[in-house]
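The values are calculated or read from the model by the stated rules, or taken from the named source; none is laboratory data. From a predicted model like this one, the values you see are computed outputs, not experimental measurements. Note that we place each Cβ from the backbone using ideal geometry, even for glycine, and neighbour counts take in every protein chain shown. The protein model used for the area step is the full one, side chains on, heavy atoms only, and it has no ligands, DNA or RNA in it. Shrake-Rupley method; radii C 1.70, N 1.55, O 1.52, S 1.80 Å.
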Amino acid sequence: MSKADQIFVENILDILQNGWKDDDVAVRPHWSDGTPAHTIKKFCIVNRYNLQEEFPVITLRKTFFKNCVDEMLWIWQRKSNNIADLNSKIWDSWADENGTIGKAYGYQLAQKSIYPEGEFDQVDRILFDLKNNPYSRRIMANMYVHKDLHEMNLYPCAYSFTLNVTGNKLNGVLNQRSQDMMVANNWNVAQYAALLCMFAKVSGFVPGELVHVIADAHIYDRHVPIALEMIKKEQFEAPKFVLADKTDFYDFTVEDFSLVDYKYNAFDEKLEVAV
């Protein structure tokens, strides 16, 4: 069975059985009909995925992998904040009149700083260090920039990624301040696993471990019945992940990422997104 499924089910049960409900407090998120979107949550969930064992995509329901990768490339490769550069509609609710999400995500990764070795944006600095100083303990990107928060249409949820080399393995830690577990959990896990594989490929390493740290892991009230139904579904073996053999980080396209023999449950329950 997929270990990603097992971890996901354990997380959902832990939240539902041991979590705290915010029913009695004022909350910012709301549903499309204006109703407050309350949650049940756990503080600080930490999950570890060994990418040498399997690619962490759930089979309880389909993770739309191509769209997942497209968003990852939109942020990390294209460094865009313009929704016109994205093939899905997932950011439309947070777009402004100019079609951007403000100074968030890709915008922050594109900002350049001057170092003794030259001028780099955050992604190019990672690539430089992986090539020239791979055992550094300073290889990371951060998108939670306080001076720009007021110009972001949504504060970054997955806000930092730290890379660390152990022997020939490239490991990563994804820090996330907040996670809608039913809508976005495996989406983020799969895309950062793909990103880690991408960095490893172009830097001459093999993918190691992805660690996912979630400060506020929550299930929205309207998602609880769906969660209870979904975790009862059959679990299949994880698919094989295939990444094209390219050496330039900026040459990859969505078509270079694939899941072979991806089996999953049909699951037609629609998950409304709280905004």
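Among F241, F64, the sequence by solvent-accessible area, most first, with a 1.4 Å probe is F64, F241. Here S203 sits with roughly 20 square angstrom of accessible surface, probe radius 1.4 Å. Each label point was placed 7 Å from the Cα along the Cα-to-Cβ direction; for N168 and L154 their separation is 4.0 nm. Using C-alpha pairs below 8 Å separated by at least 6 residues, the relative contact order for region 130-270 is 19 percent. If you run the Gaussian network model on the chain, springs between alpha carbon atoms under 10 Å, then out of H218, H150, H38 the most flexible one is H150. Membrane-span-like helices in the chain, defined here as complete DSSP H runs extending at least 24 Å along the helix axis by their C-alpha atoms with mean Kyte-Doolittle hydropathy no lower than -1.0, are 181-203; this is a sequence and geometry rule, not a statement about a membrane. When the pairs K66/K232; K66/K169; K42/K147; K66/K240; K3/K233 are compared against a 18 Å limit on Cα-Cα distance, K66/K232; K66/K169; K42/K147 fall above it. Please build a GNM for the chain, connecting alpha carbons under 10 Å apart, and tell me which residue among N87, N98, N47 fluctuates the most. Highest fluctuation of the listed residues: N98.
Can you give me the % of accessible surface on the chain that is carbon or sulfur? Probe 1.4 Å, all protein chains present, nothing else counted. Reported share for carbon and sulfur atoms: 49 percent.
Think of a 1.4 Å ball rolled over the protein heavy atoms: region 113-169 then has 58 Å² of accessible area per residue. With R₀ fixed at 25 Å, the C-beta to C-beta distance from F43 to K270 puts the FRET efficiency at about 0.30. Take the Cα of V242, step 7 Å toward its Cβ, do the same at N87, and the gap between the two points is 1.7 nm.
Estimated at 0.36 nm per residue, the fully extended path between E119 and L228 surpasses their Cα-Cα distance by 34.2 nm.
Bridge orientation summary for the chain: considering DSSP beta bridges with both residues in this region, about 80 percent are antiparallel.
Using a 7 Å offset from Cα along Cα-Cβ at V206, what residues in region 48-64 end up with backbone N under 15 Å from the label point? Under cut-off, by backbone N: 50-55.
Counting heavy atoms of the protein chains alone, E255 has an accessible area of about 140 Å² for a 1.4 Å probe. For a test of the definition: using alpha carbon positions, the gyration tensor, and the 1.5 limit on a/c, classify region 229-275 as rounded, prolate or oblate. It is oblate, given that a/c is not under 1.5 and a/b is not larger than b/c.
The candidates I231, I90, arranged from most to least accessible area with a 1.4 Å probe in the full protein assembly, appear as I90, I231.
Extents of region 165-275, largest first, come to 45, 32, 25 Å (Cα atoms, principal axes, whole angstrom).
Excluding L174 itself, what net charge comes from residues whose Cβ is under 13 Å from its Cβ, given Lys and Arg +1 and Asp and Glu -1? With Lys, Arg at +1 and Asp, Glu at -1, the net is +1. Simple point charges give the picture: +1 on the Cβ of Lys and Arg, -1 on the Cβ of Asp and Glu, and for the chain a dipole about the Cα centre of about 580 debye. Fully extending the segment from Q17 to E53 would add 10.0 nm, taking 0.36 nm per residue of separation and subtracting the current Cα-Cα distance. Taking a ≥ b ≥ c as the square roots of the eigenvalues of the Cα gyration tensor, region 13-53 is classed as prolate, since a/c reaches at least 1.5 and a/b is larger than b/c. Within the assembled protein chains, the solvent-accessible surface assigned to E229 is about 80 Å², based on a 1.4 Å probe. Here the gap between R137 and V27, fully extended at 0.36 nm per residue and compared with their Cα-Cα distance, gives a gain of 35.8 nm.
Note on surface exposure: T39, T253, T162 rank T253, T162, T39 by accessible area, highest first, 1.4 Å probe.
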